[in-house]
Amino acid sequence: MRALLRVFRDPVRTGRRGQPRLVVAPGWLMGQVIKQYARRRVVKVVHRVVRGTAPAIAKVLKAPGRGTVINTASIERLNAPFVSALAPLVRRGRAMAHKETVLTAGMYSLGCAYNFCGYHDRLRLAAPENAPPKWPERTPAMAAGLTDYRWTLRERLLLKVPLPPWVASKRRGRPPKQKLQPIMAMAA
């Protein structure tokens with residue numbers, strides 16, 4: 001729990017020198033599921049509120065398709081494809097992500113394939129009356145209204161995404177000597 005609270009924090013910049021204070025975003029809710037086992041069987045499940053209040057979490061859970069209690073099913077369903085495709089996410093594996101950017105790029109790539117290229121059973125629509133019993137299947141992107149068909153992996157990989165606009169970084173401190181030399185030559 002401490003690791004999650006350390007990771008999901010945003011810097012509060014005050015304009016003063018030094019590292020900014022990190023705080024958890026307001027309104028962030030967090031629940032925990034604790035399973036107790038006996039002879040490799042779950043005998044008791046405890047649902048605990050870690051951050052926020054029980055009524056606030058219950059209100060979020062009342063949204064359609066969310067369930068009624070705190071559970072790990074949705075995150076585990078999302079976690080399985082990431083762990084199976086990205087070696088640094090495997091527990092006790094030998095691969096490491098040396099840079100956060102490599103891991104982030106892999107997560108975005110897999111997330112796009114997960115949302116646009118694969119059907120999900122829980123997102124199927126009910127078959128209309130007087131129709132064959134086949135239910136229309138949907139991807140998460142189709143359910144969200146982002147697309148009207150299932151993308152192929154080739155389409156997804158060939159999609160050209162424009163780069164964000166480039167912004168020159170502000171240079172702090174003393175200018176480099178290379179820029180000082182022509183100015184000093186003119187002054188002499």
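Entry note, region 30-85: relative contact order of 30 percent, from Cα contacts under 8 Å with a spacing of 6+ residues. Near VAL33, once Lys and Arg are set to +1 and Asp and Glu to -1 for all other residues with Cβ below 13 Å from its Cβ, the sum equals +2. Label-to-label distance for MET30 and LEU5 is 0.7 nm, based on points extended 7 Å past Cα in the beta-carbon direction. Comparing Cα centroids, region 75-93 and region 11-35 end up 25 angstrom apart. Think of a 1.4 Å ball rolled over the protein heavy atoms: region 45-105 then has 81 Å² of accessible area per residue.
Basic side chains Lys and Arg get +1 at the Cβ, acidic Asp and Glu get -1 at the Cβ, and with that the dipole of region 1-145 about its Cα centre reaches some 900 debye.
Full extension of the chain between VAL83 and VAL60 yields a length gain of 5.6 nm, computed as 0.36 nm times the residue separation minus the alpha carbon distance.
The length gained by stretching the chain between ARG21 and ARG156 to full extension, at 0.36 nm per residue less their Cα-Cα distance, is 44.7 nm. Can you bin the chain into rounded, prolate or oblate? Criterion: square roots of the alpha carbon gyration tensor eigenvalues sorted a ≥ b ≥ c, rounded for a/c under 1.5, prolate for a/b above b/c, oblate for the rest. Prolate. What is region 21-73 by shape, rounded, prolate or oblate, if you read a ≥ b ≥ c off the alpha carbon gyration tensor as root eigenvalues and call it rounded for a/c under 1.5, prolate for a/b larger than b/c, and oblate otherwise? Oblate is the answer for region 21-73, as a/c is 1.5 or above yet b/c matches or exceeds a/b. Taking all Cα pairs closer than 8 Å and separated by 6 or more residues, the relative contact order of region 56-178 comes to 14 percent. Here's how it looks for THR147: its modeled amide H is under 5 Å from those of MET142, which are all 5 or more places away or on a different chain. Legend: calculated FRET efficiency, ILE75 to THR14, from the Cβ-Cβ distance at R0 = 45 Å, rounded to 0.05, equals 0.85. Quick check on region 27-105: take the gyration tensor over C-alpha atoms, sort the square-rooted eigenvalues as a ≥ b ≥ c, and tell me if it's rounded (a/c under 1.5), prolate or oblate. Oblate shape, in that a/c is at least 1.5 and b/c is the bigger or equal ratio.
To put it simply, the accessible area of the chain at a 1.4 Å probe is 57 percent carbon and sulfur. For the chain, the number of Lys pairs separated by eight or more positions or lying on different chains, with C-alpha atoms closer than 25 Å, is 8.
The value of relative contact order for region 103-154, using C-alpha pairs under 8 Å at least six residues apart, is 36 percent. Subtracting the Cα-Cα distance of ALA131 and TYR108 from their residue separation scaled by 0.36 nm leaves 4.5 nm.
The values are calculated or read from the model by the stated rules, or taken from the named source; none is laboratory data. Note that the structure is predicted; figures quoted are calculated from it, not measured. Glycine gets a Cβ as well: all are built from the backbone with ideal geometry, and neighbour counts include every protein chain shown. With ligands, DNA and RNA removed, areas are computed over all heavy atoms of the protein, side chains included. Shrake-Rupley method; radii C 1.70, N 1.55, O 1.52, S 1.80 Å.
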